[in-house]
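Please read the structure below before turning to the comments.
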Amino acid sequence: MKSVLQTNFINGEVGDRLNGSLTEIYSRAVKECENFILSDIGSLRVLNRLDKTTITNLTDLNFFSDTRDTFCYLVTSNNKIGFMNKADKSIYLETAPISNINRVNTFYFNGKQNFIVSNGTTCKIKEVDKVNNNLKDSDFLSQIKYPVQIRTPLKVSFYRWGLVSEYNYVTNAYEDKKQLFKIAEFTDLNNVGTKSNGKIDIKGIIVKRCYFISGANLDRALFTQSEFSNNDCIVNFEQGLPSELYINGKNVTFTNIQTDGSGNSWADTLSTANITYGKATLGIRVLLDETNVRDIVEYQNRLVILTDDYIYFSEKLDYTNFLNGVESSNAFWIRPTPIKNTQPLLKRMIASKGLFINTDMGILVLGFNSNLSVLDNYIDIVTDIKPMLDMTISNDIVYFTDKKGVLYASWNTGSDIVNFVTTSVDKYDIDRKIYSLDTIVIEGIEYIMCRDANINDKIYLYRLIGEGMYSRVSIKTADMKYTSKVFKHDEGLENGFLITDNTGKTDFYNLGDNFTQTSTVKILPPLFQTKDFGLYKINRVFSVKEVVVKVLNQKNYDIDGKISTQGIKSMTINGEKLDRITDDEYDVFMYRSSFNFGKGFEIEIEHYQNTKKVEILGIEVFYD
């Protein structure tokens, strides 16, 4: 007899695609791997049991958005939104304010976790009312200082009337005369506000009159001096009467415009009262409201608002100030670069080490390895593959699917220069149609968790094992059959995930301390090569005579040295039970029946569902 030994399974399951492949990957892979995870040494470890809790009063869950608070937000496909308490899983739902919601996000504002829902045409922002235990409208959009898209310098001169002593040659005596003194000149006017009556207040000084006289300097000869008192302050807008004036982000106009005794137009009141001190700006204001906002995230101590064509960044550490300036900490806005000579439609954002923008033409990234500001806001193209809205990030790698359901990964290969490359994640299986992407952490390893539209009763977990290389395992339980949606793990939800099945029922699955009852691995047939016929055209059929499986099988012993508890209840190959030929921490099981080796074989482990770990360390096949 001859033997084939396999002790490393790090490439996970590869389906039938690699059958007969003379590669290292083939030698470290299996056909299918259900309810196992891969250890760091390449062994197959039985997966922890999934303990199920049915979430009452929650059906047709479509979106799940975690928060750092005690609740998470929910959106259902039957047009409901609400939240779930993480502790007791209690649910609050109400009719959604908009229909066809296809993107959601959360952001922290004013001490509260806000929730934005959008359908690509309009959006609504909600927050949890903890007093009444329901949802209420957020006032975020009404609080912001709007950006100015076409901004021109505001030239303002500040004057004060004063008295000077002048010699009168008629009376041969000095007399006090009014004089106009230029105190300051501004091109970037700060600390402007209004009083309760709308009177203009600049730097704490009430302005007597605002004039709109072209020219750099004013002289007392231009005015009827008797209209002014000593220390009266006047301001001159050198560009004339401003048509688009904003103070502290609020659009204002001059009211009660009058004419003085010399024919000059002036005003002392603005249209909006009680404006707190802020910056005065000339330009065209960009109104950000429910009709044009598509997404909102937090990134690099700024709040970021996405519209169809622009990305708006707030002032650093001031999430309501989007009034753009020239300092590095000021708010700013940018329009993304074209992809393939076409201006993309911006859809949604994910913030991580970089700010990733999902568009109809590909994926963009900003701020990767750099701090964004008005002086440094270069945009890189991650990929020009057209993505679906489904997108997630793990370890600075962005994962997405295209319209055909192919799962891709994009990562940066540069150090000083950002350079993203993209590859398909599943290179081995013949047909994949992936959707519902997210991440889950199991034993300190972060996996990409997803569903396959072609296979109803499994969840797939992908793990990065090398640059552009992934292993895959799958989770399968009887309770999980016909899953349609998979939602994110969360430590507040005990490191589990939510699943909605095709009946609309939603269950919470928690990875418990005990291990799953049944785990199955389908072994690929090893490569055979004959001297006369070669690799693919062999001259005889190979038959398995024995299979030996070495496993880690944790045990406890009683005072008599007998096993009191252990992990493995039984092990079978193709449905037939294996014999245990050793009895210690590392057991050896043997299968002594003969079968054809052409399609491989299936090993199934039945666990006692206790806390004892079980790992397949190696498989040796003896054949003729």
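The values are calculated or read from the model by the stated rules, or taken from the named source; none is laboratory data. Values in this document were obtained by computation on a predicted structure and should not be read as measured data. Heads up, the Cβs are rebuilt from the backbone with ideal geometry, glycines too, and the neighbour counts pull from every protein chain shown.
Here are the numbers for this structure:
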read-out	value
Extreme residue, surrounded by the most Cβ atoms within 10 Å (Cβ to Cβ), among residues of the stretch 139-154 that are in a helix (DSSP H, G or I) and touching a residue at least 12 places away in the same chain (Cβ under 8 Å)	Phe140
Filter result (under 25 Å from Ile284 (Cα atoms) and over 20 Å from the mean Cα position of the chain (by Cα)) within the stretch 123-139	Asp139
Number of positions in the stretch 33-85 that are touching a helix residue (DSSP H, G or I) at 6+ places or on another chain (Cβ under 8 Å) and either free of Cβ contacts under 8 Å to residues at least 60 places away in the same chain or not hydroxyl-bearing (Ser, Thr, Tyr) (or both)	4
Counted residues, the stretch 419-446 - those being farther than 23 Å from Ala29 by Cα, of a type in the set (A, V, I, L, M, F, W, C) and surrounded by fewer than 19 Cβ atoms within 10 Å (Cβ to Cβ)	1
Filtered residue count, the stretch 212-252, keeping only those that are surrounded by fewer than 18 Cβ atoms within 10 Å (Cβ to Cβ), in a loop (DSSP other than H, G, I, E, B) and among the polar types (S, T, N, Q)	8
Pair list, Cβ under 6 Å, 6 or more apart: the stretch 6-27 residue within 15 Å of Ile619 (Cα to Cα), other residue at pLDDT 85 or above and part of a loop (DSSP other than H, G, I, E, B)	Asn8/Arg28; Asn8/Gly42; Phe9/Gly42; Ile10/Arg28; Ile10/Gly42
Enumeration of residues in the stretch 397-418 that are touching a strand residue (DSSP E or B) at 6+ places or on another chain (Cβ under 7 Å), under 18 Å from Asp380 (Cβ atoms) and surrounded by 12 or more Cβ atoms within 10 Å (Cβ to Cβ)	Ile397, Val398, Tyr399, Phe400, Tyr408, Ala409, Ser410, Trp411, Asn412, Val418
Failed item, numbered, when Gly20 is tested on (1) more than 29 Å from the chain's Cα centre (by Cα); (2) modelled with pLDDT of 90 or more	(2)
Subset tally (residues that are more than 26 Å from Lys145 (Cβ to Cβ) and β-branched (Val, Ile, Thr)) for the stretch 323-349	3
Matching entry among Gly12, Gly111, Gly42 (being in contact with a Phe, Trp or Tyr (Cβ under 7 Å, 6 or more places away or on another chain) and either farther than 30 Å from Gly600 by Cβ or not hydroxyl-bearing (Ser, Thr, Tyr) (or both))	Gly42
Meets criteria (part of a strand (DSSP E or B) and over 30 Å from Val374 (Cβ atoms)) for Gly193	no
Condition check for Lys52: among the charged types (D, E, K, R) and within 23 Å of Asn456 (Cα to Cα)	yes
Test: residue in the stretch 73-95 that is crowded, with 18+ Cβ neighbours inside 10 Å and not in a strand (DSSP E or B)	yes
Residue in the stretch 172-190 that is in a loop (DSSP other than H, G, I, E, B) and crowded, with 16+ Cβ neighbours inside 10 Å present	yes
Among (1) exposed (fewer than 14 other Cβ atoms within 10 Å of the Cβ); (2) of a type outside the set (Asp, Glu); (3) assigned to a strand (DSSP E or B), the one test that Ile381 misses	(1)
The stretch 1-16, subset surrounded by fewer than 20 Cβ atoms within 10 Å (Cβ to Cβ), closer than 21 Å to Tyr447 by Cβ and of a type outside the set (A, V, I, L, M, F, W, C), residue modelled with the lowest pLDDT	Gly15
Residue that is nearest to the chain's Cα centre (by Cα) [pool: residues in the stretch 37-96 that are of a type in the set (Lys, Arg) and under 30 Å from Ser27 (Cα atoms)]	Arg49
Candidate set: the stretch 304-356, residues that are more than 20 Å from the chain's Cα centre (by Cα) and hydroxyl-bearing (Ser, Thr, Tyr); chosen: the one nearest to Arg285 (Cα to Cα)	Thr320
Qualifying positions in the stretch 355-377 - touching a Lys or Arg at 6+ places or on another chain (Cβ under 9 Å) and of a type in the set (D, E, K, R)	Asp360
From the options Lys613, Lys550, residue that is in contact with a Leu (Cβ under 7 Å, 6 or more places away or on another chain), among the charged types (D, E, K, R), more than 26 Å from Leu18 (Cβ to Cβ) and in the same structural domain as Asn8 (by TED's automatic domain parsing)	Lys613
Filter result (surrounded by fewer than 19 Cβ atoms within 10 Å (Cβ to Cβ), without any contact (Cβ under 8 Å) to a residue 40 or more places away in the chain and within 19 Å of Tyr310 (Cα to Cα)) within the stretch 358-375	Asp360
Odd one out for Lys427, checked against (1) modelled with pLDDT of 90 or more; (2) outside any strand (DSSP E or B); (3) not acidic (Asp, Glu)	(1)
